[in-house]
Every structure is written in C-alpha cells, then in structure tokens.
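Below: one structure, written as structure tokens.
Every read-out reported here was derived from the displayed coordinates using simple, explicitly stated rules and does not represent laboratory data. In this text the structure is predicted, and so the values were computed from the model without any measurement. Reconstructed Cβ throughout: ideal geometry from the backbone, glycine too, with neighbour counts over all protein chains shown.
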Amino acid sequence: MVIKIFKNFGKRFFSNWFKRKKHVKIGFYGPPNAGKTSLANKICKDWTGEEIGKVSKIPHETRNVQFKEKVEIKYKNKVMTFKLVDTPGIATKIDYEDFIKFGVKKKVAQKRAKEATQGVIESIKWLEDMEAVVVVLDASKSPYSQVNITIIGNLLARKIPVLIVANKIDLKRANTKRVEAAFPEYDVVGVSAKFGKNIEEFYESLLRKK
C-alpha cells in the first residue's frame with residue numbers, strides 16, 4: 001500500500017527542484033523521539049558552532065518550532081545555505097500519563113501534554129512555509145506506523161520535496177533497508193545523529209540535489 005502511494009514521485013521531484021535553489025527553508029519532521037533535534041543540532045554544530053535546541057529521552061522535548069537562519073553547508077565543492085526549522089514531533093495521540101512514566105509529576109505532565117498537542121498543530125501549520133523537508137524516522141522501529149504514513153502522505157499532497165533519514169543506526173534493532181522498502185521512491189540515508197555516524201553521507205545526499 002505504501003509503495004503504491006509514493007511510486008514515481010519522490011526522488012525525481014526532489015532532485016529537479018533542488019537544481020533551481022541556492023537558499024532553502026528546510027523543515028525537520030517526524031514522530032517524537034526519532035532524533036529530529038539531535039540531527040538539527042549536529043548540523044548546526046558542524047556549520048555554525050551552536051546547537052538549535054535541547055534533547056532528552058522524554059517524548060516531546062521539543063514542543064515549539066525552533067529555527068536557525070543561514071546555515072551554510074559546504075561539501076565536496078558544493079555549497080547551499082539553509083534556514084533549518086526543527087519542529088515538534090508529530091503524534092496522533094498525546095497522553096499526559098506517558099510523561100508520568102518518565103518520572104514527570106502529574107501537573108507538569110498535563111502541562112507538557114497540552115504544549116505538545118499545540119506543538120503538533122504548529123508543526124502542521126509550518127508546512128505551508130517549508131520548501132523542502134527532512135523526515136527523520138527511528139530506524140529501530142517499524143516505518144509502517146500511522147504517524148509516518150500520515151507525515152509522508154501530507155508532504156506528498158503538498159508536493160513538498162522530501163529526504164528521509166533513518167536515524168539511530170547505532171542501535172542493534174536498526175534496519176535502514178526496512179525504511180527503504182517502505183518508501184522506495186524517496187532517497188533514504190541511514191545515520192546516527194547522536195554519534196555522528198554517516199553524517200557525511202547525509203550531507204552528500206542533501207547537496208547532490210543541488
């Protein structure tokens with residue numbers, strides 16, 4: 001089903017679109033705790049010396065859209081300037097009890113759940129502003145989740161160019177091939193944002209579109 005939905009769209013459209021751009025507003029989207037902020041931090045640290053946001057093991061640590069202007073990435077004689085937009089994790093359900101499992105007190109958990117819900121709404125609204133999107137997925141989990149399919153489907157409907165990152169390849173359960181099989185018409189690059197593994201391959205995947 002997923003393969004049929006995305007057939008003959010992603011790679012060609014993404015590649016042709018990037019050839020016309022030198023400055024790109026690019027959003028980082030994906031489910032909670034997939035590593036969006038970790039990857040955005042790695043990129044910003046590499047090219048600006050500063051991180052973009054805080055990360056933690058608790059879901060929905062990022063609850064507001066955060067961004068960094070004019071991140072100039074240079075790789076193999078290619079240069080592109082990005083406005084990086086890191087968005088809250090997309091979820092179909094946010095329950096304050098999920099935060100309590102991480103030791104968060106009830107009132108704080110309820111507040112966090114409300115903020116996270118608003119963050120999801122904000123993330124969707126920001127899609128109107130995105131020129132391209134990096135979808136960050138947890139390579140150790142099944143890519144066929146409702147959230148992942150909803151995100152990719154939304155981007156497809158809006159004709160927004162997509163690059164998929166299969167993050168957390170440092171984990172034993174990680175399976176980049178499974179992500180590639182789920183979304184065969186999109187470029188997929190496996191990385192570990194936490195340890196910087198394959199980050200150069202990510203830069204190459206990003207800039208070879210130029």
Residue set T87, T92; condition surrounded by fewer than 17 Cβ atoms within 10 Å (Cβ to Cβ) and under 30 Å from A181 (Cβ atoms); output residue T92
Open item on the list: Looking for something more than 22 Å from L127 (Cα to Cα) and among the hydroxyl-bearing types (S, T, Y) - is there at least one such residue anywhere in the stretch 78-92?
Closed with: no
Exactly one of K141, K105 is surrounded by 17 or more Cβ atoms within 10 Å (Cβ to Cβ) and over 30 Å from N77 (Cα atoms), and that residue is K141
Per the filter on the stretch 74-93, residues in contact (Cβ under 8 Å) with a residue 24 or more places away in the chain and within 30 Å of S145 (Cβ to Cβ) are F82, K83, L84, V85, D86, T87, P88, G89, I90, A91, T92
Worksheet item: Are any of the residues in the stretch 76-91 out of contact with any strand residue (DSSP E or B) (no Cβ under 6 Å at 6 or more places or on another chain) and outside any loop (DSSP other than H, G, I, E, B)?
Response: yes
Taking the stretch 22-52 and keeping only residues that are basic (K, R) and touching a helix residue (DSSP H, G or I) at 6+ places or on another chain (Cβ under 7 Å), one is left with K25, K42
In the stretch 98-127, anything more than 15 Å from T62 (Cα to Cα), over 18 Å from the mean Cα position of the chain (by Cα) and among the basic types (K, R) is listed as K101, K105, K106, K107
task = Return yes or no: is V71 in a loop (DSSP other than H, G, I, E, B), in contact with a helix residue (DSSP H, G or I) (Cβ under 6 Å, 6 or more places away or on another chain) and either farther than 12 Å from G27 by Cα or in contact (Cβ under 8 Å) with a residue 60 or more places away in the chain (or both)?
result = no
